[in-house]
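Below is one structure, written out as structure tokens; the observations come after it.
The values are calculated or read from the model by the stated rules, or taken from the named source; none is laboratory data. Computed from a predicted structure; not experimentally measured. No Cβ is skipped: glycine too gets one built from the backbone with ideal geometry, and neighbour counts run over all protein chains shown. Areas reflect the complete protein model, heavy atoms only, side chains present, ligands, DNA and RNA absent. Shrake-Rupley method; radii C 1.70, N 1.55, O 1.52, S 1.80 Å.
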Amino acid sequence: IGKPEEPVGDVEPRTPPPSGQRRLPGIYDDRVKRKVQALHYPGITCHDAGPNYSVGVDPRQYTQGEPRVPAEDAAHLLAPLLAMKPEQVESRLTYRLRYTIIKRELSEEQYQAVQRLQSTMFVVQPGRVLDTSDSKLTPEEQLAEAVDRLHDMLDDRSAPDRITKSAIRERLLPGAEPGALAEKSIDGTPSVYINNRLFAKPIPGVMYGLAGVGFQQQRRRHYPYHHMASPTLGFLGRVKGRLRGVFGLEQTLDETLHGIDGVEKKEIDARHMTIPERSTRVEPIDGHDVTLTLDINLQQAVETSLAKAVAQARALAGYCVVLDPNNGEVLAMATVPSWDANDLGHNTLPLVNQIISNYYEPGSTYKVVPVMAALEEGLIKDGQIITQCTGAFPIGRRTIHEAHNAHGQVTPEKLIEQSCNIGSARLALRIGPDHYLQWCEKLGFGQRSGIELAHESSGSLNRANVKAQITLANMGFGQSLAVTPLQMAAAYAVIANGGTYIQPHLVKQPSNPEDPDDIAMPHHRVCSEETAKLLRRYLEQAVSGARGTGKAAIIPGYRVGGKTGTAQKPGPSGYNSGLAIGSFVGIVPVDRPQFVIIAVIDEPKGSHYGGVVAAPVVQEVGKYALQLYNIPPNPPAAKTTSADE
């Protein structure tokens, strides 16, 4: 028995009836189902149906003989329900002599509407209701009770016409002939031979509806966390009629996840029953599961903190990456705003992963590159005076300026702590264009990282102009070149882990936890452990030093290192003074690194400095990550006492 009730809550796909039974699809809620089952009337049965279907048609029902419903009439009934033009539907109804899809992936509302056309009816075997020998009621009393109960349950109170008791009674009597029980209208037009019809047939389970129109069950990918990590996870799309990964990890891992489709070919007889000896089936082969490095709890915390920072700064967008510097695992990768992969039809954002595809001028976060290169090549030493910063440095017809004040005598540590442009520019010039490019490349800049995502950008090292002194000097403090947020995080991971570049990755790779030198991903030595250690000390001063620019990243109880960056955004005719990108890259904790965290805020309004708009994100994310991974705080410093005490 099936009745078009509005479903309560979500309707899940149901298990089809066992082989050999005829389907009786219908829409009804559990309340009606329980009532019908409680009747225990022989010859009246109940089966479930679910909404996860495409609607299709067997065109033979409309192209051979005299169809019960003309194709034109059926098309006019289906068209408004499927949000299609009648002529489009009619062309599918008469397309060719085989089963064809009219429309895929029906919405819940569309499914219910078409179900009403196809299967809003029930089937009885006339006379069986009275075939109860153990009943104490007379046959007339049994019939009256059945009519009353069925009428209460099947009568659609919202319809302009109702299924009458007399019509039900006639169909339950022995020898009843098939016929219409009620006719409803659609948009004022009587739906003769279509809607809400009660048939009596000696063969239980035979059902009539809109000829040849049925449903094909299908699978759909559902993303339970909606917008979370959606640019990284990606989504599925139809490729030559099949669902395949078309973006993000869904695309790059499609062959692994998808497996091999099964194939089933069936022939049916005039009663729509399968002919077993003319049917074949090849079972599908499941794809393989993939374990990601992303930590869902950390990912959620990152997106929450980043969204708050973007809102407070009234910024265009924000990006954040959390990297494990010791093995290259990406623990979180967030973009704000983002989209819901379950509802791409309403998305207005560009479908791109900004963290790997869009590049930007990093500004002062890049100053670790010339300092590392100069230390490794022996051009400077720790504590050595690099330059006397007067606030301006002329190069040909151009002059490099400091953002705020002159710094006086500049050492490597002071260069990082106070973010000296002139000191960085002089180091880049001293290293020279060729060697400087080599150091940039060793750190992963100017090339794709190889992460498991398509459409990754290599950034730009401005190789064509690097021999110009002003260009090379600008590159020393992060201008005239471009990087991605992921590239910058991977470069700081070199400093964090003691000098080794490890390819960042999103898919878990096996490694030997007992051997710290066993790194599963491609890696190479960039600098010595001593140089990396010095740079970590300099970065800690940039956060907690007296004149450090990253004080907003301090986490009580832990030592934090990091570097702020602020860069104007270039436009068609030069730099735009009103648009900037503020960023901060942190190492947490800097004395025993566990996380590298980069936050980038694009076009903040008001203050645009990285220490103001981005460092608080690193502080919040770092604090949460330390707690999540149970990283103990530093023990408090021992109190010193004098000999007299």
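Which members of region 598-617 meet the condition of being aliphatic (A, V, I, L, M) and either under 15 Å from GLN568 (Cα atoms) or not in a helix (DSSP H, G or I) (or both)? Within region 598-617, ILE598, ALA599, VAL600, ILE601, VAL613, ALA614 meet the criteria. Going residue by residue through region 134-147, is there one that turns out to be within 37 Å of the chain's Cα centre (by Cα) and either at pLDDT 75 or above or within 30 Å of LEU172 (Cβ to Cβ) (or both)? No, region 134-147 contains no residue that is within 37 Å of the chain's Cα centre (by Cα) and either at pLDDT 75 or above or within 30 Å of LEU172 (Cβ to Cβ) (or both). Please indicate, with yes or no, whether at least one residue in region 334-349 is open to solvent by less than 20 Å² (accessible area, probe 1.4 Å), under 20 Å from the mean Cα position of the chain (by Cα) and modelled with pLDDT of 95 or more. The answer is yes, given that some residue of region 334-349 is open to solvent by less than 20 Å² (accessible area, probe 1.4 Å), under 20 Å from the mean Cα position of the chain (by Cα) and modelled with pLDDT of 95 or more.
Put simply, of SER460, SER480 the only residue that is under 35 Å from the mean Cα position of the chain (by Cα), open to solvent by 40 Å² or more (accessible area, probe 1.4 Å) and closer than 19 Å to TYR366 by Cα is SER460. Residues that are in contact (Cβ under 8 Å) with a residue 24 or more places away in the chain, part of a helix (DSSP H, G or I) and touching a Cys at 6+ places or on another chain (Cβ under 8 Å): does region 306-326 have at least one? Yes, region 306-326 contains at least one residue that is in contact (Cβ under 8 Å) with a residue 24 or more places away in the chain, part of a helix (DSSP H, G or I) and touching a Cys at 6+ places or on another chain (Cβ under 8 Å).
Taken together, the criteria exclude THR365 from residues that are free of Cβ contacts under 8 Å to residues at least 40 places away in the same chain, hydroxyl-bearing (Ser, Thr, Tyr) and within 30 Å of GLY571 (Cα to Cα).
Can you name every residue in region 266-292 that is hydroxyl-bearing (Ser, Thr, Tyr), surrounded by 10 or more Cβ atoms within 10 Å (Cβ to Cβ) and part of a loop (DSSP other than H, G, I, E, B)? If the condition is that a residue be hydroxyl-bearing (Ser, Thr, Tyr), surrounded by 10 or more Cβ atoms within 10 Å (Cβ to Cβ) and part of a loop (DSSP other than H, G, I, E, B), then SER279 is the only one that fits. Within region 511-526, is there a residue that is at pLDDT 95 or above, open to solvent by 30 Å² or more (accessible area, probe 1.4 Å) and assigned to a loop (DSSP other than H, G, I, E, B)? The answer is no, given that none of the residues of region 511-526 is at pLDDT 95 or above, open to solvent by 30 Å² or more (accessible area, probe 1.4 Å) and assigned to a loop (DSSP other than H, G, I, E, B). Screening PRO51 on (1) within 48 Å of the chain's Cα centre (by Cα); (2) modelled with pLDDT under 65; (3) open to solvent by 60 Å² or more (accessible area, probe 1.4 Å) shows it passes everything except condition (3). Among residues of region 549-596 being assigned to a loop (DSSP other than H, G, I, E, B) and hydrophobic (A, V, I, L, M, F, W, C), the one that is most open to solvent (accessible area, probe 1.4 Å) is ILE554. Of all the numbered requirements in (1) modelled with pLDDT under 95; (2) among the β-branched types (Val, Ile, Thr); (3) in contact with a helix residue (DSSP H, G or I) (Cβ under 7 Å, 6 or more places away or on another chain), VAL352 misses one, and that requirement is (3).
Does region 354-374 contain any residue that is open to solvent by less than 10 Å² (accessible area, probe 1.4 Å) and over 24 Å from GLN541 (Cβ atoms)? Yes: one or more hits.
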